[in-house]
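Only the coordinates and a few stated rules stand behind these numbers; no lab work does. Keep in mind that what you see is a predicted model, and the values were worked out from it rather than measured. As a convention, Cβ positions derive from the backbone with ideal geometry for all residues, glycine included, and neighbour counts pool all protein chains shown.
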Amino acid sequence: IALKKLTHTGTEDTKFADEFNNIVRARHQNIVQYVGYCYHPGRWIEHNQQYVFGHEPTRILCFEYLHGGDLGRHLSEEQPCGLDWQTCYKIIRGVCAGLKYLHSVDIYHLDLKPANILLDNNMMPKIGDFGISRVLPSSKTITTKPGTLIGTMGFMPPEYIDKQEISSKYDMFSLGAILIQIMAGRKNYCDCGSVPSENFIDLVCEIWRKKVHPAMWSHTWKEVKACIRIALRCLEYDRHKRPTIREVVDELNRIDIEDIVDELDRIDIDISSVRDEAINLQSRVALAYNHYKNSASIGAHASSSQLNFALNPMDYEHESVMRNPESHAIGGHADVLQTNQGHRFQNPNLRGKH
């Protein structure tokens, strides 16, 4: 269990209540699961040799503990995420799915960043820390008090920094910043605004082309290119030009469907090839069988002729026969049968003379 402890008074009461209500409402596989809470109003302290009750509220929120740590551990300044692409893509898809769920129930996170994206043992991402989250209708924009910026620099959109405006596009800007850092590193995130979009896309694709196995690049490049395009759109200065999270998820779903179709086409080609090989093999087996059958028929005909010849009646009268007592060598002159009538004939089962 992971514990988040809040010990201050005043505004922390409202913060605790807001976070508690938002996290209890959020139930999704890509949201850190709330387990329970503890609240203690204060403690006994000794004062002038007497014990008095000191009002010092302690609030603790309890969450599932995720052993994979946070996403920030895998990011670097110069290089893209140290994880393989399939894991990175899984994280991107998971974060987008979690954010889509939050916006569907009118919860704005307002502090999306790598440190608040936690990973389980299977590298499944879960969005956590709802300390400054708000519940607002998706079509509504609010303005906070000037000079009260709350969040993390680099992940706050310009309209919030300049005019303290909060809308659903706040989280979309934060999402774009996270995607750029995953795919290109923190430094390239800071520099991406000064590079033309197409050049930056080509740069990121080339980085990942070198990281991905050549056999995988044929379909991976679509995912890489789609994700970097989405990230740049999310970072648009004008919030109205940023996509909604639903549009982002739909675009990623289309990429996945295209990958599945391509894979099915490849499988169909492989099946067709196997089918052709099977038909070819079947033809060869049939040809070999016919050849064997014809050869067997010819052999049987020849054997039958020989058998008929062997069974033809002899031109001699069957008499009781006996071996010549003087016979002493197979095939020799003595290897002749002597009838009691004195007739002589060669034994047909003897090997021919040489």
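Among the GluC sites (Glu not before Pro) in segment 64-123, which ones are in a DSSP loop with at most 10 other Cβ atoms within 10 Å of the Cβ? Mind listing them?
Details: sites: Glu64, Glu77, Glu78; in loops: Glu64, Glu77, Glu78.
Answer in residue order: Glu78.
Calculate, in nm to one decimal, what Leu203 and Val135 gain on full extension: separation in residues at 0.36 nm each, minus their alpha carbon distance.
Details: separation 68, 0.36 × 68 = 24.48 nm, distance 3.84 nm.
Full extension from Leu203 to Val135 adds 20.6 nm.
Specify the inter-centroid distance of segment 223-257 and segment 159-207, based on alpha-carbon positions, in whole Å.
For segment 223-257 versus segment 159-207, the Cα centre distance is 11 Å.
Which residues' amide hydrogens lie under 5 Å from the amide hydrogen of Val35, considering only partners 5 or more residues apart or on another chain, with H built in the peptide plane?
Placed amide hydrogens put Cys62, Phe63, Glu64 under 5 Å from Val35.
Rounded to the nearest 0.05, what FRET efficiency do Cys62 and Thr143 give with R0 = 41 Å and r taken as the Cβ-Cβ distance? Could you check?
Working: r = 34 Å, r/R0 = 0.83.
So the FRET efficiency works out to roughly 0.75.
Given Ser218, Phe155, Leu119, which one lies farthest toward the positive end of the charge dipole of segment 69-243, if we put +1 on the Cβ of every Lys and Arg and -1 on the Cβ of every Asp and Glu?
Ser218
Kindly rank 123-134, 195-206, 170-181, 22-33 from highest to lowest mean number of other beta carbons found within 10 Å of each residue.
Top to bottom by mean Cβ count within 10 Å: 170-181, 123-134, 22-33, 195-206.
How much net charge surrounds Gly154 when only other residues with a Cβ under 10 Å from its Cβ are counted (Lys, Arg +1; Asp, Glu -1)?
On the way: positive: Lys113, Arg186; negative: none.
Spelling it out: positives minus negatives among the neighbours equals +2.
Once you have the Cα-Cα distance between Asn280 and Lys225, take 0.36 nm times their residue separation minus that, and quote the gain in nm to one decimal. Could you put the intermediate results ahead of the total?
Numbers: separation 55, 0.36 × 55 = 19.80 nm, distance 4.23 nm.
This chain segment gains 15.6 nm when fully extended.
Below 13 angstrom from the Cβ of Glu64, what's the summed charge of the other residues (Lys, Arg +1; Asp, Glu -1)?
Details: positive: Lys4, Arg27, Lys126; negative: Asp120.
Within the 13 Å Cβ shell, the charges total +2.
Read phi for every residue in segment 125-140 and hand back ³J(HN,Hα) as whole Hz from Karplus 6.51 cos²θ - 1.76 cosθ + 1.60, θ = phi - 60°, with x for Gly and Pro.
In residue order, the calculated couplings are x, 9, 7, x, 6, 9, x, 10, 5, 10, 9, 9, x, 4, 8, 9 Hz.
Given a Förster distance of 25 Å, report the FRET efficiency between Asn121 and Tyr237 from their Cβ-Cβ distance, rounded to the nearest 0.05.
Details: r = 39 Å, r/R0 = 1.57.
According to the calculation, E is roughly 0.05.
Net charge near Lys90, counting Lys/Arg +1 and Asp/Glu -1 over other residues with Cβ under 12 Å of its Cβ? Don't jump to the answer; show the numbers that get you there.
Numbers: positive: Arg93; negative: Asp84, Asp120, Glu223, Asp256.
Charge balance in the 12 Å sphere: -3.
For labels at Thr87 and Ile257 in the simple 7 Å Cα→Cβ model, what's the distance in nm?
Here the modelled spin labels are 3.1 nm apart.
Efficiency by 1/(1 + (r/R0)^6): what FRET value for Ala17 and Ala215, r their Cβ-Cβ distance, R0 = 56 Å, to the nearest 0.05?
On the way: r = 53 Å, r/R0 = 0.95.
So, using R0 = 56 Å, E works out to roughly 0.55.
What residues have an amide H closer than 5 Å to that of Cys81, excluding those fewer than 5 places away on the same chain, when H is modeled at 1.01 Å from N in the peptide plane?
Close amide H contacts, sequence-distant or interchain: Met183, Ala184, Gly185.
Loop-only trypsin sites (Lys or Arg not before Pro) in segment 144-203, please: DSSP not H, G, I, E or B, and at most 14 other Cβ atoms within 10 Å. Please list the in-between numbers first.
Details: sites: Lys163, Lys169, Arg186, Lys187; in loops: none.
Of the trypsin sites (Lys or Arg not before Pro), not one in the loops of segment 144-203 has a Cβ with at most 14 other Cβ atoms within 10 Å.
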